[in-house]
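> For reference, the structure I am asking about is given below.
The values are calculated or read from the model by the stated rules, or taken from the named source; none is laboratory data. Keep in mind it's a predicted model, so treat the numbers as computed, not measured. Glycine also receives a Cβ, built like all others from the backbone with ideal geometry; neighbour counts cover every protein chain displayed.
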């Protein structure tokens, strides 16, 4: 079984994730604080880590780097209900492998968890050995949120806290990446 650590302060949501992911071959462990997450990384030795960005009194952005240092081969995915492009860029720079907006369906989460290391380097942080720019990470995040909203521009713009016309202009520009 693949070991998965879920850092989430909403126990109902965490239990739902654990039930869903256990059915797909994950051995899940749930913690609710940053300090518990850091301890669990040493004891549970997870291959996959889901971090809820905003816990009750803290943010998990501060533990991405220490987790990455202690578990360099683990896949770290940040989950948030407060999606913003700047946070996505920051999370990737700190060492997260992916950034997903809540609510999310099981298939999207499984796709992010099961993405191979080779493809994550190519799609999330590097292309042909070069680090992605903030604009490229922003473009990827927009595409991900747009896909999660089934191509609905208005819903995507709301979720990104962006004016609909601004989003349309960004989408109309030819992708350079």
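> Report, by residue number, each residue of the stretch 105-124 that is out of contact with any strand residue (DSSP E or B) (no Cβ under 6 Å at 6 or more places or on another chain), modelled with pLDDT of 80 or more and crowded, with 16+ Cβ neighbours inside 10 Å.
Hit for the stretch 105-124 is 109, nothing else.
> Being without any contact (Cβ under 8 Å) to a residue 40 or more places away in the chain and more than 21 Å from residue 26 (Cβ to Cβ) is the filter here, so list the residues in the stretch 55-80 that pass it.
57, 58, 59, 61, 62, 65, 66, 69
> When the residues of the stretch 150-168 are filtered to those that are part of a helix (DSSP H, G or I) and over 18 Å from residue 84 (Cβ atoms), which remaining residue is modelled with the lowest pLDDT? Quick ask: steps written out before the conclusion?
Let us first name the residues in the stretch 150-168 that are part of a helix (DSSP H, G or I), namely 153-159, 164-168.
Now narrow it down to the ones that are over 18 Å from residue 84 (Cβ atoms): 165, 168.
Values: 165: 86, 168: 80.
The selected residue is 168.
> A further question on this structure: With respect to residue 175, determine if the residue is exposed (fewer than 11 other Cβ atoms within 10 Å of the Cβ), modelled with pLDDT under 75 and either touching a strand residue (DSSP E or B) at 6+ places or on another chain (Cβ under 9 Å) or not in a helix (DSSP H, G or I) (or both).
Taking the combined requirement at face value, the residue satisfies it.
> Still on this structure, please answer the following. So for the stretch 37-48 (the condition being closer than 20 Å to residue 160 by Cα and touching a residue at least 24 places away in the same chain (Cβ under 8 Å)), does at least one residue qualify? Break it down stepwise before answering.
Looking only at the stretch 37-48, we keep the residues that are closer than 20 Å to residue 160 by Cα, and these are none.
No, the stretch 37-48 has no match at all.
> Of the numbered conditions (1) closer than 30 Å to residue 139 by Cβ; (2) over 15 Å from the mean Cα position of the chain (by Cα); (3) crowded, with 21+ Cβ neighbours inside 10 Å, residue 69 satisfies every one except a single condition; which is it?
Only one criterion is unmet by residue 69, namely (3).
> A further question on this structure: Tell me, which residue of the stretch 86-104 that is buried (at least 21 other Cβ atoms within 10 Å of the Cβ) and more than 16 Å from residue 6 (Cα to Cα) is modelled with the lowest pLDDT?
88
> Would you kindly identify the strands (runs of 3 or more DSSP E) lying entirely within the stretch 1-115 that contain at least 3 residues that are more than 30 Å from residue 156 (Cα to Cα)?
Because the criterion is at least 3 residues that are more than 30 Å from residue 156 (Cα to Cα), the strands (runs of 3 or more DSSP E) in the stretch 1-115 that meet it are 26-31.
> Can you run down the residue pairs with Cβ atoms below 7 Å, 6 or more apart or on separate chains, where the first is in the stretch 15-34 and farther than 17 Å from residue 60 by Cα and the partner is in a helix (DSSP H, G or I) and modelled with pLDDT of 90 or more?
Listed by first residue and then by second, the contacts come to 28/18; 28/21; 28/22.
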